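K.L.:
So that we are looking at the same thing, I have put the structure below in structure tokens.
Any read-out appearing in this document is the output of simple, stated calculations on the displayed coordinates, not a laboratory observation. Please read these numbers as outputs of a predicted model, since none were measured by experiment. In this analysis, Cβ positions are derived from the backbone assuming ideal geometry, glycine residues included, and neighbour counts consider all displayed protein chains.
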Amino acid sequence: MGPMIDEVAEKDKKKEKKKVENQEHRAEARKIEVAHQDKEEGQHPLKMKAEGVCAWFGTKQALYDVNMPIYEKEVTAIIGPSGCGKSTLIRCFNRMHETVPGSRFAGDIFLEKESIFDPRMDPVVVRRRVGMVFQKPTPFPTLSIYDNVAIGLRLNGTRDKKVLDEVVEKSLRKAALWEEVKDSLQKAGGALSGGQQQRLCIARALAIELEVLLMDEPCSALDPISTTKIEELIHELRQNYTIIIVTHNMQQAARVSQKTVFLLNGKLIEYDATEKMFTNPENKLTEDYITGRFG
Amino acid sequence: MNFDYQSRRKLTDRTMVFLCGAAAFIAMIPLVSLILYVLLQGFKRLDWSFLTHLPAPVGVAGGGMANALLGTLTLMVLASLVGLPIGIMAGIYLSEYGKKNKFAWAVRFTSDVLSGVPSIVTGIVAYTLVVKPMHNFSAIAGGIALGFMMIPIVTRTTEELVKMVPHSIREASWALGVPQWQTILAIVIRTAKNGILTGVLLSVARIAGETAPLLFTSFNNQFWPKSINEPTASLTVQVFTYAISPFKDWQDQAWTGALVLLILVLAINLAARMFFKNPRGLLR
């Protein structure tokens, strides 16, 4: 009897400790956030907010209690070494995480005032408002350039050719691809170069009236020139959209983002304005990572 | 010493290449001789009237296999009506919804068993299930028997080809806010379309040459079929009937029928290859 009780008590203690740790972690995160909001005047309004986000693949936990704000018309960069949960985190923002068999999620994410995990919220609707561009360009190989851009609208019920033409041109222009493809809209999307394919994927996402654009290492499969083009494009898109970008490349994070979040082993280590983060990080770990001491 | 070793290795290498090449050559012999022989034997009677005329009575010169050609085409269409919708949809189910569940496992297992069932068994089953209750041989019964044979082939090829569509394409579609059913219909199937078409054509080519199940089901007929609910001639059964007959003219016609059948199957196979070679497809 005795040892069992001990064991239980031990477990409880551990739980208690974890809880306290978590609370501390959370409190810390809040502090960072609040401090941040106080610091900057004329801050953009809040667009999305992650609260206590935890994520699992099977029994393996990938994210631990991540809290972070996403401000409207800003670029938020997520950095960290491989396997730290960057991609998992960004895939929570449009509920793509749950498409992986065996995955689990806890916590909450808000899009403006609504929780995207509200049971009445259809993930399909969330994904129309929060679009995504993947690491590897994924144009639909059997569709033409035109159809690649138009498909989102078409499948959502728009049939009017005039409307479609207009949206396709507008989206391709926004993705800085129009000039290169306007004479070959009927060619296959897969026939474009890697960088063009990635911009096609951006155009495809922009065509469905989205508000937030998630980019999961959008340049890691591209050459330097295409990368520059995508980065310029991110600057342009920021005028109208809220962007979250996962990147392996710290210079890229410094170039394109206004806010940066540093993840390590699934935990949020630091969140701050990009400039501050790259010049004077609060946390020793962040400093070590940014200066290239690990990762 | 070192040179010795090298030359021995070269010799082994050359011997193996020679042996494999010779085996490949021998493997070609039956195929080439078959095609050549059917061509030589069948070419004599191959003309336009063979393709457009009904069989002539014994002793009367001329006559053709027009009704059998039409019958084979009818049977192919009927079999496709039975086999394709079920096969394609089952394949999509297996690949998209039933990755691991027990039911899908059972479907896969029975498909594999079914595709190994001798075709004459399928014929007897179709006879019992269709011909007996309907009280007559018919193209419908033949089509159903051939359709049964198509289902497992089409199911498994569709499953494999739909599975080949990369997961990233599905994810990209979900990320555009496209629901799962539309993702399957508009994106996944469209991407796998040419592959599925290839599988379909190959399965049609496969059943076009079946004889055994038709002996019990569509049987044979010397005249134009008036409906699909009566005994119907087919190239295979007609070739069989003529080939075992004692008349020289009929035997010659059997060869020509075989040649026509061979050309038909080859044409379908070639079409299938074109779809496969050209992944963007002929039908767009």
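K.L.:
Nearest 10 degrees, 0 to 90: what angle lies between the long axis of helix A:2-39 and the longest principal axis of chain A (Cα atoms)?
P.N.:
50 degrees
K.L.:
If you don't mind, there's one more thing I want to ask. How big is segment B:80-182 in terms of Cα radius of gyration and Dmax, in angstroms?
P.N.:
My reading of the Cα-based Rg and Dmax gives 17.0, 56 Å.
K.L.:
Per-residue HN-Hα couplings for segment A:123-129, Karplus 6.51 cos²θ - 1.76 cosθ + 1.60 at θ = phi - 60°, whole Hz, x for Gly and Pro?
P.N.:
x, 4, 5, 4, 6, 6, 8
K.L.:
Can I ask one more? Compute the normalised compactness of segment B:48-282: alpha-carbon radius of gyration over 2.2 N^0.38 Å, N being the residue count.
P.N.:
On the way: Rg = 20.4 Å, N = 235, 2.2 N^0.38 = 17.5 Å.
Compactness ratio reported: 1.17.
K.L.:
For chain A, just list the percent of Cα-Cα distances falling in each 5 Å bin from zero outward, please.
P.N.:
Here the calculated profile for chain A is 1, 5, 11, 15, 17, 15, 13, 9, 6, 4, 2, 1, 1, 1, 0, 0, 0.
K.L.:
Mind giving me the nanometre distance, one decimal, between the label points for A:Asp108 and A:Asp122, set 7 Å out from Cα along Cα→Cβ?
P.N.:
Distance between the two pseudo-spin positions: 2.3 nm.
K.L.:
Using a 10 Å Cβ count of at most 13 others and DSSP loop calls, identify the longest part of chain A lacking such trypsin sites (Lys or Arg not before Pro).
P.N.:
On the way: sites that count: A:Lys113, A:Arg120, A:Arg159, A:Lys182, A:Lys187, A:Arg293.
Here the longest segment lacking exposed loop sites spans A:1-112.
K.L.:
Return one number: the angle in degrees, 0 to 90 and rounded to the nearest 10, between the long axis of the Cα atoms of helix A:161-174 and the longest principal axis of the Cα atoms of chain A.
P.N.:
For A:161-174 against chain A, the angle is about 60 degrees.
K.L.:
Continuing with this model, one more query. Mind checking the angle between helix A:224-237 and chain A's longest principal axis? C-alpha axes, 0 to 90 degrees, to the nearest 10.
P.N.:
Approximately 80 degrees, to the nearest ten.
K.L.:
What are the extents of the Cα atoms of the protein assembly as shown along their three principal axes, in Å, largest first?
P.N.:
If we take the Cα atoms of the protein assembly as shown, the spans are 107, 74, 72 Å.
K.L.:
Between B:Cys20 and B:Arg273, how high is the FRET efficiency from 1/(1 + (r/R0)^6) when r is the Cβ-Cβ distance and R₀ = 22 Å? Nearest 0.05. Show your work: numbers first, answer last.
P.N.:
Values: r = 24 Å, r/R0 = 1.11.
That gives a FRET efficiency of 0.35.
K.L.:
Longer than 24 Å from Cα to Cα, which of A:Lys86/B:Lys193; A:Lys49/A:Lys170; B:Lys100/B:Lys163; A:Lys182/B:Lys163; A:Lys162/A:Lys229; A:Lys229/B:Lys193 are they? Say none if no pair is.
P.N.:
Values: A:Lys86/B:Lys193 35 Å; A:Lys49/A:Lys170 29 Å; B:Lys100/B:Lys163 13 Å; A:Lys182/B:Lys163 34 Å; A:Lys162/A:Lys229 29 Å; A:Lys229/B:Lys193 34 Å.
From the list (A:Lys86/B:Lys193; A:Lys49/A:Lys170; B:Lys100/B:Lys163; A:Lys182/B:Lys163; A:Lys162/A:Lys229; A:Lys229/B:Lys193), the Cα-Cα distance tops 24 Å for A:Lys86/B:Lys193; A:Lys49/A:Lys170; A:Lys182/B:Lys163; A:Lys162/A:Lys229; A:Lys229/B:Lys193.
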